[in-house]
1. Spin-label point model (7 Å from Cα, Cβ direction): what's the Ala32 to Val57 distance in nm?
2. Grab the Cα-Cα distance for Ala23 and Leu83, subtract it from 0.36 nm times how many residues apart they are, and report the gain in nm with one decimal.
Amino acid sequence: MTLLTLWTYCAGIVILRRLVALALIVVVLGLAPVAHATPPDPSWIPGLYDNADFDDVILLITSKLGAVQSTIIPSLRPVAFVLGLATPMPTESRPLRPLSSVFGRAPPLA
């Protein structure tokens, strides 16, 4: 690999990383205006609108209720469960013998 091809390869990786970063920035910055531009159905008109068109997801995104509250995290603690007691098994020594490699595998199916 010559120095020129190595430089071209590295430049291609840098360009690809920049394009991925730019795409992520565009998606993140474009998601909030799109969520705010789609208003939820008016709930004051009875019987016409229902809750089956994912408006609750839009409200969750725009009201920032999906973020984790910092007061919840300190209250988390591990919980121990006891499923049963393990009974000790007798420790018998078995003689070790090498496994035969003659019948260890089947021929390829081709």
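1. 2.1
2. Values: separation 60, 0.36 × 60 = 21.60 nm, distance 4.87 nm.
That pair, Ala23 and Leu83, stretches by 16.7 nm at full extension.
Here, each number is a calculation from the coordinates, and none is a lab measurement. Small disclaimer: the values here were computed from a predicted structure and weren't measured. Ideal geometry is used to build each Cβ from the backbone, glycine not excepted, and the neighbour counts take in all protein chains shown.
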